[in-house]
Amino acid sequence: MAEGLTTNGLDTTMQKLVIASNNPGKLREFQAMLTPLGIEVLTQSQLGIEEAEEPHCTFVENALAKARHVSRESGLPALADDSGICVEALGGAPGVQSARYAGDNQKSDTLNNKKLLQEMQGITDRRAHYYCVLVLVQHADDPQPLIAEGEWHGEIAQQIRGEGGFGYDPLFWLPQLNKTSAELSRDEKAQVSHRALALQRLLQRLDTMRKPF
């Protein structure tokens, strides 16, 4: 990694970081947003790092645990996200259990979407939002991790629509666009998604830290 000025221990010339995820959809989104900034994006699978445990009941605690784990194993800065879909009528579920909502250890999007549709049968309040929290650590014991969050509001559709995206995208209905998230192009999603918003906020914080007081 290139050496440079630091602010609160953060290397502001960061050129390389590891994404604490094996989710191919998330990796594509991060690479699309970070590579143009001159940041080399590595994945934990490329480095042979196993996934961290996610035992916590909040998104931020799980993201922090993943970031510290990958940074400790790789010796590099790490970026972790924890995200999911929260449905108003279900008390915020699936929430942090979004990836394993159907109780399937393989994190099956198909089974998760099927279960959500079943749970929403007969429910008229379809409001839902995607939530994402990002945590960036410079090293495993970083006392000042950078944290940013984003929310993307919509509704749960009555049926699956679209073949793009991943997770609950085929059920995440956007009334203002008259589409599900799965019907958006990658470029469209990169402008409006919860993950895009969180990353924009994270990069704004990095940019602010680079500027002299």
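Tabulated results
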item	result
Selection status of residue 63, among the small types (Gly, Ala, Ser) and modelled with pLDDT under 95	no
Every pair of residues 6+ apart whose Cβ atoms lie under 7 Å, when the first sits in the stretch 18-47 and is touching a residue at least 24 places away in the same chain (Cβ under 8 Å) and part of a helix (DSSP H, G or I) while the second is surrounded by fewer than 18 Cβ atoms within 10 Å (Cβ to Cβ) and not charged (D, E, K, R)	25/166; 29/190; 32/190; 33/190
Residue check for residue 182: in contact with a Gly (Cβ under 6 Å, 6 or more places away or on another chain), part of a helix (DSSP H, G or I) and without any contact (Cβ under 8 Å) to a residue 60 or more places away in the chain	yes
The stretch 52-91, residues that are surrounded by 14 or more Cβ atoms within 10 Å (Cβ to Cβ) and of a type in the set (Asp, Glu)	54, 61, 73, 81, 82, 88
Residue count for the stretch 70-84, restricted to those that are within 11 Å of the chain's Cα centre (by Cα) and among the aliphatic types (A, V, I, L, M)	2
Residues (assigned to a loop (DSSP other than H, G, I, E, B) and either within 12 Å of the chain's Cα centre (by Cα) or crowded, with 18+ Cβ neighbours inside 10 Å (or both)) located in the stretch 140-165	142, 145, 157, 165
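Let's see how each residue does on (1) within 15 Å of the chain's Cα centre (by Cα); (2) outside any helix (DSSP H, G or I); (3) under 21 Å from residue 55 (Cβ atoms):
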position	(1), (2), (3)
98	yes, no, yes
110	no, no, no
117	no, no, no
132	yes, yes, yes
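The values are calculated or read from the model by the stated rules, or taken from the named source; none is laboratory data. Note that this is a predicted model, so its numbers are computed, not measured. Here the Cβ is made from the backbone with ideal geometry for all residues, glycine too, and neighbour counts use every protein chain on show.
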